[in-house]
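Taking it in order: structure first as structure tokens, then the write-up.
Values quoted throughout were computed directly from the atomic coordinates according to the rules given, and no laboratory measurement underlies them. Fair warning: this is a prediction, and the values are worked out from it, not measured in the lab. Heads up, the Cβs are rebuilt from the backbone with ideal geometry, glycines too, and the neighbour counts pull from every protein chain shown.
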Amino acid sequence: MSMAAQVRSVHSSPAPAGRPERHADVPSRPQLRVVGGGRATAGKAVRGFRRLLEWTRTRTTPLFHITVAVVFLVGTLLGALALRTQMVEIAFESSQVESRIERLSQDVEDAQTQLDLLKASLPERAQEMGMVPQEGSITIDLNGYNTSEGGTQ
């Protein structure tokens, strides 16, 4: 016999010998997975930081670039917060100044009203004191007056 005649065909079955084949409708064995034990949140933070370090070591981006980006973002947020706080303070001061201006304007109006009332009552009070109003008035215009340098006037 030749070598080619000695070759046997082997038919394998997915089921071990002596067990019948399972059908597709039979549920398969559940997959196993690892569940980490939960410690305090500090342990999670440390594990997360370690994972971040491992991730940065496996990537082409070094930890320095990530740190710079995080510092830039935090700085931007703090800068925006500082600007917003400054704007609120300025708006508050502006509203206080406007209210002071309104109060002072009201005080000026009150004083002007009181002055107008006093001016209106002045002739009446002068007559009560025995003063007589002037009937004729004389006006002297000194706009055209020139002094003579050598003479007396």
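Structure values in brief
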| quantity | calculated |
| --- | --- |
| Projected label distance in nm at E128 and I140, using a 7 Å step from Cα toward the beta-carbon | 3.5 |
| Separation in nanometres of the label points that stand 7 Å from Cα toward Cβ, at A91 and D110 | 3.1 |
| Förster radius 30 Å - calculated FRET efficiency between T56 and A80, Cβ distance, rounded to 0.05 | 0.65 |
| Segment 65-150 shape via C-alpha gyration tensor axes, a/c threshold 1.5 | oblate |
| Karplus (6.51, -1.76, 1.60) ³J(HN,Hα), θ = phi - 60°, over segment 78-84, in Hz, Gly and Pro reported as x | 5, x, 5, 5, 5, 5, 5 |
